[in-house]
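Scroll down for the structure; my scribbles are underneath it.
The values are calculated or read from the model by the stated rules, or taken from the named source; none is laboratory data. All values derive from a computational prediction rather than experimental measurement. Quick reminder, even Gly has a Cβ in these numbers, built from the backbone with ideal geometry, and neighbours come from all protein chains shown.
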């Protein structure tokens, strides 16, 4: 089973309440999202907050992660939304 297929299956099972699948997705996604957030921000505390927000959004939208598109692609799209919101908020605070 490919990584994308495994993630789709885990997302499907987690969306239906399977705790083991939820934990496996969290474990698989945390390091990936955190590394991306850290590269984009350069600040560990901000990266942690962005990771938490992204994973929270992902788990709220688990049923939408079941589709044919790889869950990873959808996760990265969610991260982009969270990052954009963070950057907009940071920009408005600087004014």
Over region 24-55, the set of residues touching a helix residue (DSSP H, G or I) at 6+ places or on another chain (Cβ under 9 Å) and either at positive phi or at pLDDT below 90 (or both) is 25, 26, 28, 29
Confirm whether residue 11 is on the phi < 0 side of the Ramachandran plot and in contact (Cβ under 8 Å) with a residue 60 or more places away in the chain.
-> yes
